[in-house]
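This report refers to the structure that appears directly beneath it.
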Amino acid sequence: MMLRDDDPPDRQIAKLTRINAVLIDRIDRLEESRGSAWSMFQAAVALEQEVLARTRDLERAMADLSQRNRELAVARALAEEANRSKTRFLRAASHDLLQPLSAARLFLSALTDTPMDPHQTELTDRLGSAFESVEQLMHAVLDISRLDSQRIEFNRQPVPLDDLFRRLAAEFAPVAQAKGLRLRFMPTTAVVDSDPIFLRRIAQNLVSNAIKYTHRGGVAVGARRKGAMCWLSVYDTGMGIPAVDRNRIFDEFQRLTHDSATPGMGLGLSIVRRACAKLGHPISLSSEAMRGTVFRVGLPLVQALSDTPRLAVAPLPALRGRVALVVENDPEMRRAYQMILRNRLGMVPRIAGDTAEALATMGDEPPDVILADYHLENGDTGFAAIEALRAASDRPVPAVMVTAHRDPAISRRCAAMGIHLLEKPVSPPDLAEILGRLLA
């Protein structure tokens, strides 16, 4: 819009007014745009400062988290080392812990074979119960320690369930009879894949628990094939397990009742759960209040026992006069073996403390059986003794290795050498059964 000199003054004023209004409007718009840009700039600066502050907070949190992770890693390493140290200590100490217990049980067994009055009989019965409780607790502590180890190694092999049932029957028949219960083991030809030591421990704990919580009726143990699996089942007519307790009973030190007349520490089913989990054996239970309970353990089938040659068990009189060469470095154990072998089994014991003494004791006449402790003095072992005695004999002499070390390597070497393995503490019935089987 242009001003012309010939325009009237009022028109020029009107034009100037409009021009002035347009200019003022432009200035206002320019100021508004400047104000918006300034606000955005201020907001950007504030946001950048907030980001920097939060970044510093995050860096501090990350540094704190890294420090916590380092502390946790150190604590975990210390805990794992402490657990390994505990396992190593228990493994190393198991021999010294079980050696006197084994000797005491053998001496007590020899004592029960002597004439006694009723008071002495009661005392020996109570001592036997006390030793049995200590033995069970020792086994539980050692089993839990080994099962908690991250480096546990099992010695899996074919296990005939009929042999297992026969040994369990001999072990628990007196206990069931003392409570007035029926105890039945169903015949089976099943052979399963498992660790024989831990499978026996699983079955022992299940049968022991069934007898413990059954006050009338009985306990039945059997095996049922289903596909590629064989289910070892333990039935009882006891009090039953309430639904709310069926998970709790597998925890340590958990018992259905706190009746002092019912023995036990509540560790048996915890060992069963740990061992089954490590071996990959599924476990289940069914129960009905006041009607009883059944525990089932799933075991992979190997073959039918009818295809496997079975060893007969010699009757006890067949052991009489047979020569047993014992290689044992502990004087108390040597004396205990001597008393049991001679007085109870009627055998002829020859006693030696190490391999050299065993060779000198044997002379030119090989024994009928060798009974050797794994851990001897000065680096000597039962394996060395058995190898030397067999080499000096004109025939393969049957042998039994006695040990407190639950090491799969020992089990594998025994299997490779055809040596029967016997765990401490040694019980006279187990010893008699093994010797009878070897000398059949």
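The table that follows gives values for the structure above.
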| quantity | calculated |
| --- | --- |
| Residue among 241, 268, 221 farthest towards the positive dipole end of the stretch 154-307, charges placed on Cβ | 241 |
| Fewest-first ranking of 323, 219, 400, 51, using other Cβ atoms within 10 Å as the exposure measure | 51, 323, 400, 219 |
| Burial ordering of 245, 25, fewest other beta-carbon atoms within 10 Å first | 25, 245 |
| Within the stretch 314-357, GluC sites (Glu not before Pro) in DSSP loop having at most 15 other beta-carbon neighbours inside 10 Å | none |
| Calculated over the stretch 316-438: convex hull of Cα atoms, volume per residue (Å³) | 96 Å³ |
| Cβ-based charge dipole, the stretch 283-440, positive-most Cα from 425, 401, 284 | 284 |
| Shape metrics for the stretch 154-307, restricted to C-alpha atoms - Rg then Dmax, Å | 14.9, 48 |
| Ranking of 102, 287 by count of other Cβ atoms within 10 Å, fewest first | 287, 102 |
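Each reported figure results from applying straightforward, stated rules to the coordinates on display, with no laboratory input. Keep in mind the model is a prediction, meaning the values are calculated, not measured. Here Cβ is always computed from backbone atoms with ideal geometry, including for glycine, and neighbour counts include all displayed protein chains.
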